[in-house]
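Student: Quick one: structure below, then a few questions.
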Amino acid sequence: MSDAIRWGDLLFLSGRAAVDPGSGEARGDDFDAQCAIVLADVGAVLEAAGSGFELVLRVECWLADRADFPAWNQAFKRAFPHPRPARTTTIGQLPLPGLLVELQITAGIRS
């Protein structure tokens, strides 16, 4: 699976979750820890492709637990500068046991 695919001046990131690539198991003991791991991973993929948090256009978020929605709002505000990207958040079961959050990002690329 690709970390991201570039199409013209757009970058489409694959879903990012706090998964250990070696073991395939969830990393981070709670929502805040997993969210920090995911956002750091997103930042690294964006930077490697010539983008950044300030160029993110859309964030799609999946939460395993509705109770984490306020914490997600705070993390979103800290990570994404004004004007913040368009966003969708859904609550549902994630594919691996222990996963609490997954993000999918669309971003622009610096010219």
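Student: For Asp68, work out the one condition from (1) closer than 14 Å to Val38 by Cβ; (2) touching a residue at least 60 places away in the same chain (Cβ under 8 Å) it doesn't fulfil.
Tutor: (2)
Student: For the range 37-47: of the residues being farther than 15 Å from Glu102 by Cβ and either in contact (Cβ under 8 Å) with a residue 40 or more places away in the chain or of a type in the set (D, E, K, R) (or both), which is surrounded by the most Cβ atoms within 10 Å (Cβ to Cβ)?
Tutor: The qualifying residue surrounded by the most Cβ atoms within 10 Å (Cβ to Cβ) is Leu46.
Student: Against the condition of a type in the set (Gly, Ala, Ser) and modelled with pLDDT under 95, how does Ser2 come out, does it pass?
Tutor: Considered against the rule, which asks whether it is of a type in the set (Gly, Ala, Ser) and modelled with pLDDT under 95, Ser2 comes out as yes.
Student: Among the residues of the range 82-111, write down those that are surrounded by 13 or more Cβ atoms within 10 Å (Cβ to Cβ), closer than 27 Å to Trp7 by Cα, touching an Asp or Glu at 6+ places or on another chain (Cβ under 9 Å) and without any contact (Cβ under 8 Å) to a residue 40 or more places away in the chain.
Tutor: Of everything in the range 82-111, those that are surrounded by 13 or more Cβ atoms within 10 Å (Cβ to Cβ), closer than 27 Å to Trp7 by Cα, touching an Asp or Glu at 6+ places or on another chain (Cβ under 9 Å) and without any contact (Cβ under 8 Å) to a residue 40 or more places away in the chain turn out to be Arg87, Thr89.
Student: State all residues of the range 4-20 that are over 14 Å from the mean Cα position of the chain (by Cα) and under 15 Å from Gly98 (Cβ atoms); if no residue qualifies, say none. Reasoning before the result, please.
Tutor: Filtering the range 4-20 down to residues over 14 Å from the mean Cα position of the chain (by Cα) leaves 5-10, 20.
Within the range 4-20, Asp20 is the sole residue that qualifies.
Student: Does at least one position in the range 37-49 carry a residue that is over 25 Å from Gly24 (Cα atoms), touching a helix residue (DSSP H, G or I) at 6+ places or on another chain (Cβ under 8 Å) and modelled with pLDDT of 95 or more?
Tutor: Taking every residue of the range 37-49 in turn, none turns out to be over 25 Å from Gly24 (Cα atoms), touching a helix residue (DSSP H, G or I) at 6+ places or on another chain (Cβ under 8 Å) and modelled with pLDDT of 95 or more.
Student: OK, next. How many of the residues in the range 1-36 are part of a helix (DSSP H, G or I), in contact (Cβ under 8 Å) with a residue 60 or more places away in the chain and in contact with a Lys or Arg (Cβ under 9 Å, 6 or more places away or on another chain)?
Tutor: Qualifying residue count for the region: 1.
Student: Then there's this: If a residue must be touching a Leu at 6+ places or on another chain (Cβ under 8 Å), of a type in the set (Asp, Glu) and closer than 17 Å to Cys61 by Cβ, how many such residues does the range 1-34 contain?
Tutor: Adding up the residues that qualify gives 1.
The values are calculated or read from the model by the stated rules, or taken from the named source; none is laboratory data. What you see is a predicted model; the values in this text were computed from it and never measured. Backbone-built Cβ (ideal geometry, glycine too); neighbour counts: all protein chains shown.
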